[in-house]
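Student: Sharing a structure here in structure tokens format.
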Amino acid sequence: MRKLIYLFAVMILMNGCAYFSSQMYPIKENYAPTNPDKVAIFRLAPPTPYQAIGEVQVKAAHASNWNSLYRRLKEEAAKMGGDAIILQEGEQFAGMLNSGGSATTTGTAEIYGNSATFNANTEYGPTTSIALMKKRIFGVVIKYKEDKTAVKQ
């Protein structure tokens, strides 16, 4: 029972932990912040011409809510002036949680004068190992380029 409580405590702690980072690329332009609700998310590069202006990343517990992580990434991209994010997401190995088995030793002893003999049998209980995974989302923040070849009417 104690192992189960320990496992739940670890899961609760990991669920609330998320690490966000963002970085603007060294470009000449500075863009005004955009509306996070209008920042698009792509899995592949969009067909529209664009310029990469920065990157955003989050590392979070496996049980984290994807939608809340996406929302925060959009907010970070909007601060840079981004129009969209090209995402790469996945899971990353965070470590192992091991709980050792128990050992039970039973035996008999016989005493003869000044000497004793002991016969023992040790049985080991099962050990449990659980892989801990975390979510990793990395995205390139992009700004759409204006089509300068279009004819204005």
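The values are calculated or read from the model by the stated rules, or taken from the named source; none is laboratory data. Because the structure is predicted, anything quoted here is derived from the model rather than measured. Please note: Cβ atoms are built from the backbone with ideal geometry, for glycine as well, and neighbour counts cover all protein chains shown.
Student: Just for segment 1-38: of the residues that are assigned to a loop (DSSP other than H, G, I, E, B) and within 22 Å of the chain's Cα centre (by Cα), which one is modelled with the lowest pLDDT? Break it down into steps so the answer makes sense when it comes.
Tutor: Here is the first cut: in segment 1-38, the ones assigned to a loop (DSSP other than H, G, I, E, B) are 1, 16-17, 25-35.
With the extra rule that they be within 22 Å of the chain's Cα centre (by Cα), the set shrinks to 16-17.
Details: Gly16: 53, Cys17: 69.
Taking the candidates together, the pick is Gly16.
Student: Out of everything in segment 41-98 that is surrounded by 16 or more Cβ atoms within 10 Å (Cβ to Cβ) and more than 21 Å from Tyr25 (Cβ to Cβ), what residue ends up being modelled with the lowest pLDDT?
Tutor: Ala94
Student: Another question, if that's okay. Scan Gly101, Gly107 and give me the residue that is modelled with pLDDT under 70, over 17 Å from Ser21 (Cα atoms) and in a loop (DSSP other than H, G, I, E, B).
Tutor: From the options Gly101, Gly107, the qualifying one is Gly101.
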